[in-house]
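Readers should treat all values here as calculations from the given coordinates under stated rules, not as data from a laboratory. For clarity, every value in this text was computed on a predicted model and none was experimentally measured. Here the Cβ is made from the backbone with ideal geometry for all residues, glycine too, and neighbour counts use every protein chain on show.
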Amino acid sequence: MKNSEVISELDEILEQYPSGYEALLPILEDIQDRFNYLPEEFLKAVSERVQIPLNRIYSVATFYNAFSLKPKGKYVIQICKGTACHLMGANLLSEELSSLLNIAEGETTKDGLFSVESVRCLGCCSLAPVISINGKVYGNLKPESVKKILKKYKK
Ligand code: FES
């Protein structure tokens, strides 16, 4: 992204907030929502514009799981690894996803379509094992169901 594009995108986001620490989280959330990750050039620009040291911004950005410093795929698949899902076979789902997408947890497919990550509990343990794709929950899964679900997103 060109520097002028960064400034213009950032202006749009920053004009909604006052400067100072209290605005940092909502600003980062906006950037994350818009780009699906926090591009480095944006963080530098945020630091200059709102007068917060870059290392402080990085510590916030790396503390919260909702933020990513690496680009994510168009579809983010979360595999629940909480106790209920673990007991009901979450690892088998994880293996199936890795094998179908040819990536490990924490990675993104080369075509930029899917990212896979694990989470602690998606809050619907009675449906274990569970995955979510961009927030849509799929429960009571068997490894063989995963391929069919992915097909819908590949269209
Ligand atoms: S443990 Fe998986 S949804 Fe709660």
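Mind listing the lone cysteines of the chain, meaning no other Cys beta-carbon sits under 4.7 Å from theirs?
When partners are defined as cysteine Cβ atoms under 4.7 Å apart, the chain leaves CYS121, CYS124, CYS125 without one.
Long-range amide H contacts for GLU107: which residues qualify at under 5 Å (H placed 1.01 Å from N, peptide plane, sequence gap of 5 or more or a different chain)?
Residues meeting the criterion, in which the H sits 1.01 Å from N, are VAL116.
Name the long-range amide H neighbours of VAL76: under 5 Å, sequence gap of 5 or more, or other chain; modelled H, no Pro or chain starts.
Under 5 Å from the amide H of VAL76: SER115, ASN134.
Among GLN16, SER4, PHE42, which residue has its Cα furthest toward the positive end of the charge dipole of the range 3-63, with +1 on Lys/Arg Cβ and -1 on Asp/Glu Cβ?
Farthest along the dipole direction, towards plus: PHE42.
Mind checking the dipole of the range 75-154: about its Cα centre, +1 per Lys or Arg Cβ, -1 per Asp or Glu Cβ, Debye to the nearest 20?
320 debye
Pick out, in residue order, every one of the trypsin sites (Lys or Arg not before Pro) in the range 82-143 that is DSSP loop and has at most 15 other C-beta atoms within 10 Å; say none if there are none.
LYS110, ARG120
With +1 on the Cβ of every Lys and Arg and -1 on the Cβ of every Asp and Glu, and nothing else charged, how large is the dipole of the chain about its Cα centre, in debye rounded to the nearest 20?
Values: 19 positive and 19 negative charges, 179 e Å.
Using only the charged Cβ atoms, the result is roughly 860 debye.
Report the charge-dipole magnitude of the range 34-99 in Debye, nearest 20, computed about the Cα centre from +1 at each Lys and Arg Cβ and -1 at each Asp and Glu Cβ.
The calculation lands at about 220 debye.
Through the Karplus equation 6.51 cos²θ - 1.76 cosθ + 1.60, θ set to phi - 60°, convert the phi angles of the range 141-148 into ³J(HN,Hα) values in whole Hz; use x for Gly and Pro.
Going residue by residue, I get 8, 10, x, 5, 6, 5, 4, 4 Hz, with x marking Gly and Pro.
Whole-Hz ³J(HN,Hα) for each residue in the range 80-91, computed from phi via Karplus 6.51 cos²θ - 1.76 cosθ + 1.60 with θ = phi - 60°, x for glycine and proline: what do you get?
6, 10, x, 4, 4, 5, 4, 5, 9, x, 4, 5
Whole-Hz Karplus ³J(HN,Hα) for the range 100-112, in order, using 6.51 cos²θ - 1.76 cosθ + 1.60 and θ = phi - 60°, x for Gly and Pro?
Per-residue couplings from phi come out as 6, 9, 6, 9, 9, 4, x, 10, 10, 5, 4, 7, x Hz.
For the range 3-63, just the Cα atoms, rotate onto the principal axes and tell me the three extents in Å, largest first.
Principal extents (largest minus smallest coordinate, Cα): 26, 23, 18 Å.
Give the residue list of GluC sites (Glu not before Pro) in the range 1-61 that are DSSP loop and have at most 11 other beta-carbon atoms within 10 angstrom.
Loop-located and lightly packed - GLU15.
Apply the Debye scattering formula to the range 75-154, with a single equal point scatterer on each alpha-carbon and no solvent, then give log10 I(q)/I(0) at q = 0.16, 0.17, 0.22 Å⁻¹.
Here the Debye-derived log intensity ratios amount to -0.49, -0.55, -0.95.
Please compute the volume of the convex hull spanned by the alpha-carbon atoms of the range 25-126 and report it per residue in Å³. Before the final figure, lay out the partial values.
Numbers: hull volume 10.8 nm³, N = 102.
Convex hull of Cα atoms, per residue: 106 Å³.
Starting from the amide H of VAL119, placed 1.01 Å from N in the peptide plane, find each other amide H under 5 Å away whose residue is 5 or more places distant or on another chain.
It is ILE79, CYS80, LYS81, by chain and number.
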